[in-house]
1. Would you say Thr89 is among the hydroxyl-bearing types (Ser, Thr, Tyr), within 15 Å of the ligand (Cβ to nearest atom), surrounded by 22 or more Cβ atoms within 10 Å (Cβ to Cβ) and over 25 Å from Glu295 (Cβ atoms)?
2. Any idea which residue in segment 231-246 is surrounded by the most Cβ atoms within 10 Å (Cβ to Cβ), counting only those that are more than 16 Å from Leu298 (Cα to Cα) and at pLDDT below 95?
3. Please enumerate the residues belonging to segment 229-259 that are free of Cβ contacts under 8 Å to residues at least 40 places away in the same chain, of a type in the set (D, E, K, R) and closer than 30 Å to Thr18 by Cα.
4. Of everything in segment 192-214, what is among the small types (Gly, Ala, Ser) and free of Cβ contacts under 8 Å to residues at least 24 places away in the same chain? Give them in sequence order.
5. Does Ser43 fit the bill of being in a loop (DSSP other than H, G, I, E, B), within 15 Å of the ligand (Cβ to nearest atom) and crowded, with 17+ Cβ neighbours inside 10 Å?
6. Would you mind telling me which numbered condition in (1) under 19 Å from Thr283 (Cα atoms); (2) within 12 Å of the ligand (Cβ to nearest atom) Phe67 fails?
7. Somewhere in segment 262-273, is a residue surrounded by fewer than 24 Cβ atoms within 10 Å (Cβ to Cβ), in contact with a helix residue (DSSP H, G or I) (Cβ under 7 Å, 6 or more places away or on another chain) and touching a residue at least 60 places away in the same chain (Cβ under 8 Å)?
Amino acid sequence: MIHTVTANPALDLTYRVTELKLDDKLRATAVFRAPGGNGVNVSRVAARLGHPTVAMGLVGGRAGDEFKELLKEEHVRTWFTQQSGTTRTNAIIQDDHAQQLRVSGPGPEASPEETAMLRSSIFELRAPDFLVLSGSLQRGMPEDFYTDVIAEAKRQGVKVAADIDKELAQVVAAGVELIKPNQYELERLTGLRVTDIGSAVAAAERALAQGAKAVLASLGAQGAVLVTEGGAWQGVPPKVKADSAVGAGDSLLGGALVALAEGEGWEAALRLGVACGAATATTPGTDLCHKPTVEALLPQVVVTAL
Ligand SMILES: O=P(O)(O)OC[C@@]1(O)O[C@H](CO)[C@@H](O)[C@@H]1O
């Protein structure tokens, strides 16, 4: 079972256009609406792989109603805390050459009461195998929200995985099972440049020294690097016809956690994660990986011990 917490989720709106142009009216050839936010996407991937999951967070307003409806259509169980503000709508404008503009809304401001309700909701259900903390906090939420949740998770023996940017250093110092930074987040966390696989491993080792038990770094077309105290591996996806890579990193994390929650080892987790990330890149908008594509790509992922 995987529980995800997305403090600032979004209704993702993707406009497909033939060509990105400034100062001209762009006519969309297709529009996709999807429930979004990093943790939400991890839950969507888990559900698509047939793994039980519950998505949690703060949600409100009409956009929030549509967001919940879309999640329901994807068979994701939800345990959201209702807030008075309106869930943000994020816009993605993508052209036929896989170029895109992405605009993320700031999101509403959470009141202290709403924050407290979210905090207690996280521990209301039966303990999961993994609790995933993902994405930015809403305005109004205390900076130590995540570290406070991690402390409680530790008291309850729940493993925490995090995909966080701003508060990543604090979260790592609090001691988490797994982090999923991209290249830039790993650089900001460790102060080291990440230019290739070797430097990614060195930075991930620094992150282990800072307190993470495992680092799953997403490196775009180069795949991903997984570094634990027991070893380091690179996972390279097969070449796919990419449509939209939005959500590929979330899919990497979702796939890896599903494998771990189902009792697989680190290498198998990396393989499934990379297959999910690549499968997501083949889908339009913020649609994510579908199980048949993941199964087709899985044997083509090359995992190498470093
Ligand atoms: O604004 P944030 O929280 O940094 O990112 C939010 C977001 O861009 O990330 C997801 C893809 O990873 C999308 O579903 C969503 O719109």
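1. No, not satisfied.
2. Val246
3. Of everything in segment 229-259, just one residue is free of Cβ contacts under 8 Å to residues at least 40 places away in the same chain, of a type in the set (D, E, K, R) and closer than 30 Å to Thr18 by Cα, namely Lys239.
4. Listed by number, the residues that qualify are Gly198, Ser199, Ala202, Ala203, Ala209.
5. Answer is no for this residue.
6. The single condition Phe67 does not satisfy is (1).
7. No; the residues of segment 262-273 include none that is surrounded by fewer than 24 Cβ atoms within 10 Å (Cβ to Cβ), in contact with a helix residue (DSSP H, G or I) (Cβ under 7 Å, 6 or more places away or on another chain) and touching a residue at least 60 places away in the same chain (Cβ under 8 Å).
The values are calculated or read from the model by the stated rules, or taken from the named source; none is laboratory data. The structure displayed is predicted, hence computed values, not measured ones. Here Cβ is always computed from backbone atoms with ideal geometry, including for glycine, and neighbour counts include all displayed protein chains.
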